[in-house]
Amino acid sequence: QVQLVESGGGLVQTGGSLRLSCAASGRTFSSYAMGWFRQAPGKEREFVAIDWSGGRTYYADSVKGRFTISRDNARNTLYLQMNSLKPEDTAVYYCAVGTIAALYPAAYDYWGQGTQVTVSS
């Protein structure tokens, strides 16, 4: 049974930091692409960041320079370090796993339940 469980979300002030975790179980995902997506109320789920092929990363322009994606293969866990947070970062954040590194949600095979991030102005 494959499960992805996000944690670390919460309420933070503008300019603050938060680190999200995504703990995977059921399979080992060291050779898979893992990504973060987010969805704000009334909006489409959007790409945030991906990590694949032993540490290659790519970021959405909206978070570049502020967010850092990483993984700990020993713990089968994906992370998203979020710095300099802005109110527009407010969303439910989801982690996802797939065999292909891609920027669109349909490419991913497994999803977590999401964790809420709220950035106050």
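The values are calculated or read from the model by the stated rules, or taken from the named source; none is laboratory data. Computed from a predicted structure; not experimentally measured. Virtual Cβ from ideal backbone geometry, glycine too; neighbours counted across all protein chains shown. Just so you know, the surface numbers come from the protein's heavy atoms only, side chains and all, with ligands and any DNA or RNA stripped out. Shrake-Rupley method; radii C 1.70, N 1.55, O 1.52, S 1.80 Å.
Evaluating Tyr110 against the criteria (1) out of contact with any strand residue (DSSP E or B) (no Cβ under 6 Å at 6 or more places or on another chain); (2) open to solvent by 50 Å² or more (accessible area, probe 1.4 Å) leaves one unmet condition, (1).
Residues in the range 88-96: is at least one surrounded by fewer than 18 Cβ atoms within 10 Å (Cβ to Cβ), touching a residue at least 12 places away in the same chain (Cβ under 8 Å) and not β-branched (Val, Ile, Thr)? Looking through the range 88-96, at least one residue is surrounded by fewer than 18 Cβ atoms within 10 Å (Cβ to Cβ), touching a residue at least 12 places away in the same chain (Cβ under 8 Å) and not β-branched (Val, Ile, Thr). Among the residues of the range 17-61, the one identified as open to solvent by less than 20 Å² (accessible area, probe 1.4 Å) and touching a helix residue (DSSP H, G or I) at 6+ places or on another chain (Cβ under 7 Å) is Phe37. Please verify whether Gln81 is within 16 Å of Gly112 (Cβ to Cβ) and of a type outside the set (A, V, I, L, M, F, W, C), treating the condition exactly as stated. No: the conditions fail for Gln81.
If you go through the range 99-116 and keep only what is under 22 Å from Gly8 (Cα atoms) and outside any loop (DSSP other than H, G, I, E, B), you end up with Pro105, Tyr110, Trp111, Thr115, Gln116. Against the list (1) assigned to a loop (DSSP other than H, G, I, E, B); (2) out of contact with any Ser or Thr (no Cβ under 7 Å at 6 or more places or on another chain), the condition Gly15 fails is (2).
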